[in-house]
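Here's the structure we're looking at; comments come further down.
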C-alpha cells in the first residue's frame, strides 16, 4: 500500500475537487437564469447542480487528474530538493493546477470559456480554492499509512458516482431514461408508466445507496446486495432473450460489469479480514 496509496489519493483528491468545482458553474448558470427572469425553482436548481456534478464532472475529472499528476509530482520534487514542503505546498500546487488546466482548455482546445463559473474573477478564485482544498486533501491522504480499505472505499464511491447518472436520469428525465432502454414513454399506458418509473428508479437508487453504505461501513453485505441485483438483471435478461424470445440487446454486458464490480469489493473485504486478525 505504500506505493498504491499515491495514485488512489490522487484519484480521490481529483474527485473531491470536482465536487467542489461543479457547483460554482451550476450556481453561476442559475444566477444568470434568474437575472433574465427565467423560472428557477428548488427542484430545477437541484437538478442542474446534480447533473453538472455527474455529467460535466466526468470530463473535468480526467483533466484534473492530468493537472494534479503534474502539480503534485512537481510539489514532491520541490519538497525533496528544498526546505519547502508540507500541506500548503500541495494545496497551492492543486490550486495552480486547476487555474492552469482551465486556462489551457480555453487557449489550446476550445478557444472559448465553456465553464460558466470560470468567466468571472470570483469564479476563478473559487476554482482555485477548490484546487487548493483538493491539494490539501491529497496531502492528508498520503501523510499517513493506508491499508486496502482506502482503495475499497474509493472504488465504492466511484462506483456510486457512475450510478448517480442513471439515478438522476430516472428521477429528473424519465422520458429520456426510458428511451435508453427501448421504451417510448408517452405511448405507454399510465399504469405502465407508473410501473416503469417506480421500478427502475427504485432499482438504481437502491444500488446507489448500497454502494455508498458499503464504502462507509465496509460491510461486504452492502456490496453483495448491489452485485446480486445486477447479476440477477443480467441473468434474467439472457433468459428473456433466449427462453422467451424477446429482442436481443447487449445491456446484459453492462449489467454483469455492474454486478462484478461491487461483488469484487465485497469478496476482497472477506478475503482480507482473516489476514488482519
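Some points to look at:
- Sorted ascending by nearby beta carbons within 10 Å, beginning with the fewest, 45, 225 become 45, 225.
- Added length on full extension, which subtracts the Cα-Cα distance from 0.36 nm per residue, residue 125 to residue 191: 18.7 nm
- Once Rg and the Kirkwood radius are both taken over the C-alpha atoms of the chain, their ratio Rg/Rh works out to 1.03.
- Computed E for residue 88/residue 238 - FRET, C-beta separation, R0 41 angstrom, nearest 0.05: 0.15
- All-pairs alpha carbon distance profile, the range 17-88, 5 Å steps from 0, percent: 3, 15, 18, 14, 12, 11, 9, 7, 6, 4, 2, 0
- Here is how the number arises for the chain: DSSP H runs of 4 or more residues each give -39500 (n - 2.57), the sum is divided by the residue count, and the result at 222 nm is -27000 deg cm²/dmol.
- Residue order, fewest to most surrounding Cβ atoms within 10 angstrom, among 127, 244: 244, 127
- Note that the range 5-142, at 4 °C in a medium of 1.567 mPa s, gets a Stokes-Einstein diffusion coefficient of 84 µm²/s from its Kirkwood radius over C-alpha pairs.
- Degrees, to the nearest 10: 148-172 long Cα axis against longest axis of the chain: 60
- In degrees, nearest ten, helix 5-35 long axis to first principal axis of the chain (Cα): 80
- Tilt relative to the chain, helix 42-51 - C-alpha long axis, 0 to 90 degrees, to 10: 70
- Mean Cβ count within 10 Å, highest first, over the residues of peptides 92-100, 265-273, 195-203: 92-100, 265-273, 195-203
- Applying 1/(1 + (r/R0)^6) with R0 = 35 Å to the Cβ-Cβ distance of residue 70 and residue 149 gives a FRET efficiency near 0.75.
- Difference of contour (0.36 nm per residue) and Cα-Cα distance, residue 4 to residue 55: 15.6 nm
- Label point distance in nm, residue 33-residue 254, each placed 7 Å from Cα along Cα→Cβ: 2.5
- Cα-based equivalent ellipsoid, the range 148-271: semi-axes from gyration tensor eigenvalues, Å: 28, 17, 11
- Among 138, 223, 103, the largest mean-square fluctuation in a Gaussian network model of the chain (Cα springs under 10 Å) belongs to 103.
- The ranking of 246, 17, 22, 149 from fewest to most other beta carbons within 10 Å of each one's beta carbon is 246, 149, 22, 17.
Every number here is computed from the coordinates shown, using simple stated rules; none is lab data. Fair warning: this is a prediction, and the values are worked out from it, not measured in the lab. In this analysis, Cβ positions are derived from the backbone assuming ideal geometry, glycine residues included, and neighbour counts consider all displayed protein chains.
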